[in-house]
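Reading through the C-alpha coordinates given below for one structure.
The values are calculated or read from the model by the stated rules, or taken from the named source; none is laboratory data. Note that the structure is predicted; figures quoted are calculated from it, not measured. Cβ atoms come from the backbone with ideal geometry, glycine included; neighbour counts cover every protein chain shown. To get the accessible areas, we keep the full protein, side chains included, count just its heavy atoms, and leave off ligands, DNA and RNA. Shrake-Rupley method; radii C 1.70, N 1.55, O 1.52, S 1.80 Å.
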Amino acid sequence: MSTDNPRTIAILGGTGKEGKGLAFRWALAGHKIIIGSRTSEKALAAVEDVKTLIGKPVTISGKDNNSAAKEAEIVVLTVPYSFHKEMLESIKNDVQGKLFIDVTVPLIPPKVTRVQMPPEGSACLQAQLILGENVRVVAAFQNISYENLLSGKKIDCDVLVAGGDKDSRGQVISLVRDAGLMGIDAGPIENTVVVEGLTSILIGINKQFGVEASGIRITGIPRE
Ligand SMILES: NC(=O)c1ccc[n+]([C@@H]2O[C@H](COP(=O)([O-])OP(=O)(O)OC[C@H]3O[C@@H](n4cnc5c(N)ncnc54)[C@H](OP(=O)(O)O)[C@@H]3O)[C@@H](O)[C@H]2O)c1
(Lines give C-alpha, C1' and ligand atoms only; values in the text may rest on other atoms or scores of the structure.)
Protein backbone atom coordinates (compact mmCIF):
# COMPACT_ATOMS: atom_id res chain seq x y z
CA MET A 1 0.00 0.00 0.00
CA SER A 2 1.47 3.42 -0.87
CA THR A 3 1.70 6.08 1.81
CA ASP A 4 0.57 9.71 1.74
CA ASN A 5 2.74 10.37 4.81
CA PRO A 6 6.34 9.30 4.02
CA ARG A 7 8.41 8.82 7.18
CA THR A 8 12.16 8.42 7.67
CA ILE A 9 12.59 4.99 9.24
CA ALA A 10 15.87 3.43 10.41
CA ILE A 11 15.90 -0.35 10.69
CA LEU A 12 18.76 -1.37 12.99
CA GLY A 13 20.00 -4.87 12.19
CA GLY A 14 18.08 -4.32 8.95
CA THR A 15 20.58 -6.50 7.08
CA GLY A 16 18.91 -9.56 8.65
CA LYS A 17 15.85 -11.51 7.64
CA GLU A 18 13.04 -9.64 9.42
CA GLY A 19 14.60 -6.19 8.96
CA LYS A 20 15.03 -6.69 5.23
CA GLY A 21 11.42 -7.86 5.00
CA LEU A 22 10.22 -4.65 6.65
CA ALA A 23 12.57 -2.51 4.54
CA PHE A 24 11.16 -4.13 1.41
CA ARG A 25 7.53 -3.50 2.41
CA TRP A 26 8.03 0.09 3.63
CA ALA A 27 10.33 1.22 0.80
CA LEU A 28 7.76 -0.12 -1.66
CA ALA A 29 5.09 1.93 0.14
CA GLY A 30 7.14 5.14 -0.31
CA HIS A 31 8.83 5.57 3.07
CA LYS A 32 12.46 6.73 3.30
CA ILE A 33 14.35 3.73 4.66
CA ILE A 34 17.79 3.67 6.26
CA ILE A 35 19.17 0.19 6.81
CA GLY A 36 21.44 0.07 9.85
CA SER A 37 24.21 -2.45 10.46
CA ARG A 38 27.37 -2.82 12.53
CA THR A 39 29.21 -2.13 9.28
CA SER A 40 28.11 0.30 6.60
CA GLU A 41 29.41 -2.09 3.89
CA LYS A 42 26.93 -4.75 5.02
CA ALA A 43 24.17 -2.14 5.16
CA LEU A 44 24.91 -1.06 1.58
CA ALA A 45 24.82 -4.67 0.38
CA ALA A 46 21.38 -5.09 2.02
CA VAL A 47 20.21 -1.90 0.30
CA GLU A 48 21.16 -3.44 -3.07
CA ASP A 49 19.25 -6.64 -2.17
CA VAL A 50 16.10 -4.67 -1.36
CA LYS A 51 16.41 -2.52 -4.50
CA THR A 52 16.74 -5.67 -6.63
CA LEU A 53 13.69 -7.19 -4.99
CA ILE A 54 11.60 -4.08 -5.64
CA GLY A 55 12.89 -3.45 -9.15
CA LYS A 56 11.89 0.23 -9.32
CA PRO A 57 13.33 3.44 -7.80
CA VAL A 58 12.78 3.74 -4.03
CA THR A 59 14.34 5.86 -1.28
CA ILE A 60 16.68 3.62 0.67
CA SER A 61 20.18 4.03 2.06
CA GLY A 62 22.56 2.09 4.31
CA LYS A 63 24.59 3.30 7.33
CA ASP A 64 26.12 2.14 10.57
CA ASN A 65 23.48 1.64 13.28
CA ASN A 66 24.26 4.87 15.19
CA SER A 67 24.17 7.10 12.10
CA ALA A 68 20.96 5.43 10.92
CA ALA A 69 19.26 5.93 14.30
CA LYS A 70 20.42 9.58 14.50
CA GLU A 71 19.03 10.45 11.06
CA ALA A 72 15.61 8.79 11.41
CA GLU A 73 12.40 9.98 13.05
CA ILE A 74 11.27 6.39 13.70
CA VAL A 75 13.73 3.67 14.75
CA VAL A 76 13.03 -0.05 14.40
CA LEU A 77 15.11 -2.76 16.10
CA THR A 78 15.44 -6.19 14.47
CA VAL A 79 18.31 -8.07 16.11
CA PRO A 80 18.40 -11.47 17.84
CA TYR A 81 17.54 -11.23 21.54
CA SER A 82 21.09 -12.14 22.64
CA PHE A 83 22.26 -8.72 21.33
CA HIS A 84 19.17 -6.74 22.39
CA LYS A 85 20.52 -5.15 25.58
CA GLU A 86 23.91 -4.34 24.07
CA MET A 87 22.29 -2.71 21.01
CA LEU A 88 19.90 -0.63 23.14
CA GLU A 89 22.74 0.70 25.28
CA SER A 90 24.78 1.59 22.20
CA ILE A 91 21.96 3.58 20.48
CA LYS A 92 20.31 5.06 23.59
CA ASN A 93 21.51 8.62 22.89
CA ASP A 94 20.52 8.48 19.22
CA VAL A 95 16.85 7.63 19.81
CA GLN A 96 15.87 10.12 22.54
CA GLY A 97 12.48 11.73 21.82
CA LYS A 98 11.72 9.26 19.03
CA LEU A 99 9.22 6.52 18.30
CA PHE A 100 10.98 3.17 18.75
CA ILE A 101 9.49 -0.02 17.33
CA ASP A 102 10.97 -3.12 18.93
CA VAL A 103 10.45 -6.30 16.88
CA THR A 104 12.67 -8.41 19.13
CA VAL A 105 11.36 -11.67 20.53
CA PRO A 106 13.17 -12.91 23.65
CA LEU A 107 13.91 -16.37 22.23
CA ILE A 108 16.55 -18.28 24.15
CA PRO A 109 17.83 -21.29 22.16
CA PRO A 110 17.51 -24.21 22.21
CA LYS A 111 13.98 -24.07 23.72
CA VAL A 112 12.52 -21.48 21.33
CA THR A 113 9.03 -23.01 21.51
CA ARG A 114 8.91 -22.16 25.23
CA VAL A 115 8.03 -18.62 26.39
CA GLN A 116 11.06 -17.28 28.30
CA MET A 117 10.59 -13.64 29.28
CA PRO A 118 13.44 -11.57 30.71
CA PRO A 119 13.30 -10.40 34.35
CA GLU A 120 11.98 -6.99 33.18
CA GLY A 121 8.83 -8.76 31.89
CA SER A 122 9.39 -8.62 28.11
CA ALA A 123 11.96 -7.42 25.58
CA CYS A 124 9.94 -4.19 25.14
CA LEU A 125 9.81 -3.53 28.88
CA GLN A 126 13.58 -4.08 28.93
CA ALA A 127 13.95 -1.60 26.05
CA GLN A 128 11.80 1.00 27.81
CA LEU A 129 13.87 0.66 30.98
CA ILE A 130 17.17 1.09 29.10
CA LEU A 131 16.07 3.86 26.71
CA GLY A 132 14.17 5.88 29.33
CA GLU A 133 10.82 7.64 29.44
CA ASN A 134 11.65 10.06 26.64
CA VAL A 135 11.42 7.23 24.08
CA ARG A 136 8.05 5.74 23.08
CA VAL A 137 8.70 1.98 22.82
CA VAL A 138 6.10 0.05 20.82
CA ALA A 139 6.02 -3.69 20.01
CA ALA A 140 4.94 -4.81 16.53
CA PHE A 141 5.58 -7.54 13.91
CA GLN A 142 6.77 -10.15 16.47
CA ASN A 143 4.26 -12.61 15.01
CA ILE A 144 4.96 -11.96 11.30
CA SER A 145 7.58 -14.19 9.69
CA TYR A 146 10.16 -12.77 7.32
CA GLU A 147 9.09 -15.28 4.68
CA ASN A 148 5.69 -13.61 4.61
CA LEU A 149 7.16 -10.09 4.49
CA LEU A 150 9.55 -10.89 1.65
CA SER A 151 6.97 -12.85 -0.35
CA GLY A 152 5.42 -9.57 -1.51
CA LYS A 153 2.04 -11.34 -1.31
CA LYS A 154 -0.99 -10.46 0.81
CA ILE A 155 -0.35 -11.74 4.34
CA ASP A 156 -3.18 -13.56 6.07
CA CYS A 157 -2.23 -12.36 9.58
CA ASP A 158 -2.84 -9.42 11.91
CA VAL A 159 -0.24 -7.40 13.81
CA LEU A 160 -0.74 -6.70 17.51
CA VAL A 161 0.64 -3.28 18.43
CA ALA A 162 1.34 -2.70 22.14
CA GLY A 163 3.26 -0.15 24.18
CA GLY A 164 3.91 3.59 23.96
CA ASP A 165 0.81 5.80 24.13
CA LYS A 166 -2.35 5.82 21.99
CA ASP A 167 -0.82 8.26 19.50
CA SER A 168 2.36 6.23 19.01
CA ARG A 169 0.38 3.00 18.63
CA GLY A 170 -1.74 4.83 16.01
CA GLN A 171 1.40 5.81 14.08
CA VAL A 172 2.64 2.21 14.16
CA ILE A 173 -0.78 0.92 13.05
CA SER A 174 -0.46 3.22 9.98
CA LEU A 175 2.98 1.75 9.25
CA VAL A 176 1.53 -1.76 9.59
CA ARG A 177 -1.13 -0.82 7.04
CA ASP A 178 1.59 0.48 4.70
CA ALA A 179 3.30 -2.91 5.04
CA GLY A 180 0.05 -4.51 3.79
CA LEU A 181 -1.35 -5.81 7.07
CA MET A 182 -3.93 -4.80 9.64
CA GLY A 183 -2.53 -3.51 12.92
CA ILE A 184 -4.63 -3.79 16.06
CA ASP A 185 -4.16 -1.68 19.17
CA ALA A 186 -3.23 -4.24 21.85
CA GLY A 187 -2.85 -1.75 24.67
CA PRO A 188 -0.06 -0.69 27.03
CA ILE A 189 3.53 -1.90 27.23
CA GLU A 190 2.70 -4.49 29.94
CA ASN A 191 0.76 -6.38 27.22
CA THR A 192 3.91 -6.88 25.14
CA VAL A 193 4.54 -10.03 27.19
CA VAL A 194 1.60 -11.65 25.35
CA VAL A 195 2.60 -10.30 21.92
CA GLU A 196 6.20 -11.51 22.28
CA GLY A 197 5.14 -14.79 23.93
CA LEU A 198 2.85 -15.72 21.02
CA THR A 199 5.90 -16.11 18.76
CA SER A 200 7.14 -19.16 20.68
CA ILE A 201 3.69 -20.71 20.30
CA LEU A 202 3.71 -19.97 16.54
CA ILE A 203 7.19 -21.53 16.17
CA GLY A 204 5.80 -24.66 17.86
CA ILE A 205 2.78 -24.62 15.52
CA ASN A 206 5.13 -24.28 12.51
CA LYS A 207 6.94 -27.42 13.68
CA GLN A 208 3.71 -29.38 14.28
CA PHE A 209 2.31 -28.63 10.83
CA GLY A 210 5.60 -28.55 8.90
CA VAL A 211 5.03 -24.95 7.75
CA GLU A 212 7.24 -21.82 7.83
CA ALA A 213 4.91 -18.99 8.61
CA SER A 214 1.83 -19.59 10.75
CA GLY A 215 0.24 -16.44 12.14
CA ILE A 216 -2.68 -15.02 14.07
CA ARG A 217 -5.87 -13.32 12.99
CA ILE A 218 -8.34 -11.51 15.28
CA THR A 219 -11.97 -12.39 14.51
CA GLY A 220 -15.22 -10.61 15.32
CA ILE A 221 -14.03 -7.09 14.43
CA PRO A 222 -14.95 -4.84 11.49
CA ARG A 223 -12.41 -4.83 8.65
CA GLU A 224 -11.72 -2.28 5.92
N1 LIG B 1 12.97 -14.01 11.30
C2 LIG B 1 11.66 -13.86 11.52
O3 LIG B 1 10.82 -14.39 10.76
C4 LIG B 1 11.19 -13.03 12.68
C5 LIG B 1 9.81 -12.83 12.86
C6 LIG B 1 9.37 -12.02 13.91
C7 LIG B 1 10.28 -11.45 14.78
N8 LIG B 1 11.63 -11.69 14.60
C9 LIG B 1 12.56 -11.11 15.55
O10 LIG B 1 13.31 -10.12 14.87
C11 LIG B 1 14.66 -10.09 15.36
C12 LIG B 1 15.61 -10.30 14.18
O13 LIG B 1 15.40 -11.57 13.63
P14 LIG B 1 16.15 -12.01 12.29
O15 LIG B 1 15.66 -13.36 11.96
O16 LIG B 1 16.04 -10.92 11.28
O17 LIG B 1 17.66 -12.09 12.81
P18 LIG B 1 19.01 -12.28 12.00
O19 LIG B 1 18.73 -12.25 10.53
O20 LIG B 1 19.68 -13.51 12.53
O21 LIG B 1 19.91 -11.04 12.48
C22 LIG B 1 19.52 -9.69 12.25
C23 LIG B 1 20.74 -8.81 12.32
O24 LIG B 1 21.24 -8.73 13.64
C25 LIG B 1 22.54 -8.17 13.56
N26 LIG B 1 23.45 -8.74 14.56
C27 LIG B 1 23.98 -9.97 14.59
N28 LIG B 1 24.83 -10.08 15.64
C29 LIG B 1 24.85 -8.88 16.27
C30 LIG B 1 25.55 -8.35 17.39
N31 LIG B 1 26.43 -9.07 18.08
N32 LIG B 1 25.29 -7.06 17.73
C33 LIG B 1 24.41 -6.31 17.02
N34 LIG B 1 23.76 -6.76 15.94
C35 LIG B 1 23.96 -8.03 15.57
C36 LIG B 1 23.07 -8.51 12.16
O37 LIG B 1 23.28 -7.26 11.50
P38 LIG B 1 24.76 -6.72 11.12
O39 LIG B 1 25.67 -7.92 11.05
O40 LIG B 1 24.51 -6.12 9.80
O41 LIG B 1 25.11 -5.75 12.19
C42 LIG B 1 21.94 -9.29 11.53
O43 LIG B 1 21.80 -9.07 10.16
C44 LIG B 1 14.77 -11.21 16.40
O45 LIG B 1 14.62 -10.67 17.69
C46 LIG B 1 13.60 -12.12 16.05
O47 LIG B 1 13.12 -12.86 17.16
C48 LIG B 1 12.09 -12.46 13.57
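The set of residues in the range 150-167 being surrounded by fewer than 19 Cβ atoms within 10 Å (Cβ to Cβ) and in contact with an Asp or Glu (Cβ under 9 Å, 6 or more places away or on another chain) consists of K166 alone. When the residues of the range 139-156 are filtered to those that are within 14 Å of the ligand (Cβ to nearest atom) and without any contact (Cβ under 8 Å) to a residue 60 or more places away in the chain, which remaining residue is farthest from M182 (Cα to Cα)? It comes out as S151.
Could you look through the range 40-53, keep only residues that are free of Cβ contacts under 8 Å to residues at least 40 places away in the same chain and open to solvent by 60 Å² or more (accessible area, probe 1.4 Å), and pick out the one that is nearest to the ligand (Cβ to nearest atom)?
We begin by selecting, within the range 40-53, every residue free of Cβ contacts under 8 Å to residues at least 40 places away in the same chain; these are 40-52.
Now restrict to residues that are open to solvent by 60 Å² or more (accessible area, probe 1.4 Å): 41-42, 44, 48-49, 51-52.
Working: E41: 9, K42: 4, L44: 11, E48: 14, D49: 11, K51: 17, T52: 17 Å.
It comes out as K42.
Do the conditions hold for G36, that is, is it near the ligand (Cβ under 10 Å from one of its atoms), buried (at least 18 other Cβ atoms within 10 Å of the Cβ) and at positive phi? So G36 fails the test.
Please find, within the range 184-198, the residue that is most open to solvent (accessible area, probe 1.4 Å) out of those that are within 16 Å of the ligand (Cβ to nearest atom) and either among the aliphatic types (A, V, I, L, M) or in contact with a Gly (Cβ under 9 Å, 6 or more places away or on another chain) (or both). Only one residue tops the list, namely V194. Scoring K56 on the criteria (1) touching a residue at least 60 places away in the same chain (Cβ under 8 Å); (2) away from the ligand (no atom under 13 Å from the Cβ); (3) outside any strand (DSSP E or B) leaves a single failure, condition (1). Any residue that is more than 9 Å from the ligand (Cβ to nearest atom), open to solvent by 10 Å² or more (accessible area, probe 1.4 Å) and either assigned to a loop (DSSP other than H, G, I, E, B) or at pLDDT below 95 (or both) - is there at least one of those in the range 60-73? Among the residues of the range 60-73, at least one is more than 9 Å from the ligand (Cβ to nearest atom), open to solvent by 10 Å² or more (accessible area, probe 1.4 Å) and either assigned to a loop (DSSP other than H, G, I, E, B) or at pLDDT below 95 (or both), which makes the answer yes. With the condition kept exactly as written, say whether any residue in the range 94-110 is without any contact (Cβ under 8 Å) to a residue 24 or more places away in the chain, within 14 Å of the ligand (Cβ to nearest atom) and surrounded by fewer than 23 Cβ atoms within 10 Å (Cβ to Cβ). Yes, the range 94-110 has at least one match.
Pairs linking a residue in the range 17-35 that is part of a strand (DSSP E or B) to a residue that is β-branched (V, I, T) and within 7 Å of the ligand (Cβ to nearest atom), with Cβ atoms under 8 Å and 6 or more positions apart or on different chains, are I35/T15. Mind listing whichever residues of the range 87-109 are within 12 Å of G13 (Cβ to Cβ) and either assigned to a loop (DSSP other than H, G, I, E, B) or modelled with pLDDT under 95 (or both)? V103, T104, listed by residue number. For the range 120-137, enumerate the residues that are open to solvent by less than 50 Å² (accessible area, probe 1.4 Å) and more than 14 Å from the ligand (Cβ to nearest atom). Scanning the range 120-137 gives G121, L125, Q128, I130, L131, G132, V135, V137. Checking the structure you have, find out if any residue of the range 199-207 is open to solvent by less than 20 Å² (accessible area, probe 1.4 Å), under 22 Å from I11 (Cα atoms) and either in contact with a helix residue (DSSP H, G or I) (Cβ under 6 Å, 6 or more places away or on another chain) or more than 15 Å from the ligand (Cβ to nearest atom) (or both). No, the range 199-207 contains no residue that is open to solvent by less than 20 Å² (accessible area, probe 1.4 Å), under 22 Å from I11 (Cα atoms) and either in contact with a helix residue (DSSP H, G or I) (Cβ under 6 Å, 6 or more places away or on another chain) or more than 15 Å from the ligand (Cβ to nearest atom) (or both). On the given criteria, is E18 surrounded by fewer than 16 Cβ atoms within 10 Å (Cβ to Cβ) and either touching a Leu at 6+ places or on another chain (Cβ under 8 Å) or acidic (D, E) (or both)? No: the conditions fail for E18.
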